[in-house]
Amino acid sequence: MLDIKNDGVKQRLLDGYIGLEKESLRIDRQGFFARSKHPFGEDPYIVRDFCENQTEINTAVTQSVEEAMEQLKFHTIRIQKALAGLDEPEYLWPFSNPPYIRKEAEIPVARYEGDQIEKQHYRDYLSDRYGRYKMTFSGIHFNYSFDDELLYEDYLAKKYNSKKINSDNASVTVGKDSRTEFLRYKDQFYVDLAAKVQIYNWLIVAITAASPLLDSSYVEKGVFGKDVFNGMGSTRCSELGYWNMFTPILDYSDIDHYVDSILKYVEQGLIHSSAELYYPVRLKPAGKYNLEALKENGVSHIELRMIDLNPLTPWGIDERDVHFIKLLLGYLATTKKLLADAGEQVFAIQNTKNAAHYDLKTVNVITPDHRTLWVADAALEVLSDMKKFYRDIYNDDRIRNIDEYIDYQIAKFEDADNRYAWQVRKKFSDGFVEKGLTLCNERTECFRQENKKEKHTLRAG
C-alpha cells in the first residue's frame, strides 16, 4: 500500500492517467438493431465490440478527468452527427439494456476478414457459448494508472526506510538493478490494488447502476413493447447479467501467480482466452491485452468494467462519478493489503451481484471484517471513511471538490430517489423503448439540422 505519511506520496496521490471506453448500440428509428455495416472504418477511437452495430469509443490516455470527459463528449458527438447524416438515419441507444429484439439471428455479430479473421472466430465462439442476447448489454470501462513518479516516491521511501526521500536526487544513483526492483514493486502494487478493488467494486456498481428496465422481447421472443422490471438496478451486473459459467478464483500473491491463475482456466477449457474472463476488474499491460504481455512487460493500468451507461446524461457517464472512482482508487491504494482468498473472492462476486439490485435496503454485502450490512448502509460507511481520509490529508482547495464528489454519492444512499436506477425507472416506465426513442430523437435533431446546413452550404458554394 502507499504510505500516505510520506509527503511526496500525499502530494501526488491523485496524479494519474485516465482512459474511458464506452459501448453503445446503433439502432434504427423503429427501435430495432441497425443492420448497416460499421460506418467508422478503421477509426482507432471508434471501434466495434461484440456486435457489428455496437460502437465502442476509446479515448486517448489523459492526465485528468476533465480531459477524458472532453474526449468522450467529442467522439460521442462525432458518432451522433455521422448517424444523423446517413441515408437511413440511426440513433445511438443511450441505455445499457437493449431495445427491441426480433430474434437472436438479428443481433449482428461483428464481421472481420483477412488477418483479423480470428476476431470473427472469437465472436462466433461467444455467440455459441453465451447466446447473443447477453452480448447486447453495453457499458463503460474506466482505465487508470497511478503516476510512476508517485509510485517511485513510495518505492524509494520503502527501500531506504525513510518517511521522505527526494526522488529526483535519489534517482541519480539508481541503476539497472534498482529499475528492475521498481518494476517488481509496481506490479505488486497493482496486484494488491486489484484485490482490494475486487472486494470493493460493489460500491461502484451501486453508484452507477442505471438499467432497471428491459423490453419484453429480451425475455420472451416476439413480444415487443412491454416493460420488464426484474428488481435489478443494473441487469448486466446482476446474477442475470454478463458472467462466466463458473466463479473464477484468482491468485493475488504476485503478478506471475495472478497470470497463471487465469491461464489455468484457459488450459482447462473453461474460457477461450483471458478476454473471456468476465471479471469486474482487470490488470492490463500497455498495448494489446494478453497474458504473455502482462507477465513479461508488467502492469500498465487497472481496468474497471462494471459501470452502466447513464441515459440521464448525453455522454453516458456523469463527470462526478468519474472523479469519485478516481478518489476511490486513491483511497484503496493507501489501505492495508486485504486477504483475497477463495472465500473472500466468492463474497466479493456475490456482493457485486447484490449491489446490482434496485432496492439496496433489501440486500446485503459482507464487509472485509465479515459483518453483514444492507448495501446502502455499507456504502455510507465506506463513503464516510473516505471523506475523513481525504480531510485528514488535504486542507487546501482540493478538499472542497473532493467533498462535493463524495457528498454526491452519499446523497444516493441517504435518499434512493437520487440513484440513477430509480430516476430511470420513474422517467422511462410505461413505454421504455418508445420513450427511449423519443430521447434519441431529441438528442440527434440538432445534428440533423447541422448536417442540412452543411449540405446547403456546399451546394451554394
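Here, each number is a calculation from the coordinates, and none is a lab measurement. All values reported here derive from a predicted model rather than from experimental measurement. Cβ placement follows ideal geometry from the backbone for every residue including glycine, while neighbour counts extend to all protein chains displayed.
Each Cα pair under 8 Å and six or more residues apart adds its separation to the average, and for the chain the resulting relative contact order is 21 percent. Less than 20 Å apart at the alpha-carbon level, and either on another chain or at least 8 residues along: which aspartates and glutamates does that give for residue 158? Within the straight-line cut-off, residue 158 pairs with 3, 7, 15, 147, 148, 149, 168, 177, 181, 187, 192, 254. At a Förster distance of 25 Å, what's the computed FRET efficiency of residue 247 paired with residue 373, Cβ-Cβ distance as r, to 0.05? Efficiency computed from Cβ-Cβ geometry: 0.70. The fraction of Cα-Cα pairs per 10 angstrom bin, counted from 0 for segment 1-70, comes to 19, 30, 24, 14, 10, 4 percent, rounded to whole percents.
For segment 239-307, the spherically averaged projection of the C-alpha convex hull amounts to 4.9 nm². With 24 Å as the limit on Cα-Cα distance, the pairs of 22/337; 10/353; 81/435; 103/435 that go past it are 22/337; 10/353.
Could you tell me which of rounded, prolate or oblate describes segment 1-124, using a ≥ b ≥ c as the square roots of the eigenvalues of the alpha-carbon gyration tensor, with rounded for a/c under 1.5 and, failing that, prolate when a/b is larger than b/c and oblate otherwise? Prolate shape, in that a/c is at least 1.5 and a/b is the bigger ratio.
The structure-derived value of volume of the Cα convex hull per residue in Å³ appears in the list [x] 136; [y] 159; [z] 170 under the label [z]. Charges on Cβ only, +1 for Lys and Arg, -1 for Asp and Glu, centred on the Cα centroid of the chain; of 197, 243, 274, which one is farthest towards the dipole's positive end? Farthest along the dipole direction, towards plus: 243. Using only the alpha-carbon atoms, how far is helix 255-267 inclined from the longest principal axis of the chain? Give it as 0 to 90 degrees, nearest 10. Approximately 40 degrees, to the nearest ten.
Annotation for segment 367-407 versus segment 195-260: alpha-carbon center distance of 24 Å.
Can you give me the orientation-averaged projected area of the convex hull built on the Cα atoms of segment 228-380, in nm²? Intermediate values should be presented prior to the final figure.
Numbers: hull surface 43.0 nm².
With every direction weighted equally, the projected area is 10.7 nm².
Relative to the longest principal axis of the Cα atoms of the chain, the long axis of helix 398-414 lies at roughly 60 degrees. By the gyration tensor of its Cα atoms, with a ≥ b ≥ c the square roots of the eigenvalues, what is the shape of segment 371-434: rounded for a/c under 1.5, prolate for a/b over b/c, or oblate? Verdict is oblate for segment 371-434. Note on segment 1-33 and segment 47-69: Cα centroid distance 11 Å, given to the nearest whole angstrom.
Take peptides 202-208, 118-124, 360-366, 62-68 and line them up by average Cβ neighbours within 10 Å, highest first, as a rough protection proxy.
Numbers: 202-208: 27.4, 118-124: 13.9, 360-366: 18.9, 62-68: 17.1.
Per-residue mean Cβ counts within 10 Å order the peptides as 202-208, 360-366, 62-68, 118-124.
Taking the Cα centre of segment 1-128 as origin and charging only Cβ (+1 Lys, Arg; -1 Asp, Glu), how large is the dipole, in debye to the nearest 20?
Numbers: 17 positive and 24 negative charges, 72 e Å.
Once rounded to the nearest 20, the dipole reads 340 debye.
The aspartates and glutamates whose alpha-carbon is closer than 17 Å to the alpha-carbon of residue 221, local same-chain residues fewer than 8 away aside, are 104, 106.
Relative to the longest principal axis of the Cα atoms of the chain, helix 148-159 runs at roughly 30 degrees.
Taking the Cβ of residue 211 as the center, what net charge do the other residues with Cβ under 11 Å away carry, scoring Lys and Arg +1 and Asp and Glu -1? Each step should come with its number before you reach the end.
On the way: positive: 236, 425; negative: 308.
The answer is +1.
Can you compute the charge dipole magnitude of the chain about its Cα centre, using +1 on each Lys and Arg Cβ and -1 on each Asp and Glu Cβ, nothing else charged? Give it in debye, rounded to the nearest 20. Let's see the in-between values first.
Values: 62 positive and 73 negative charges, 137 e Å.
It works out to roughly 660 debye.
Charges were assigned to the Cβ only: +1 to each Lys and Arg, -1 to each Asp and Glu. The resulting dipole of segment 87-144 about its Cα centre is roughly 360 debye.
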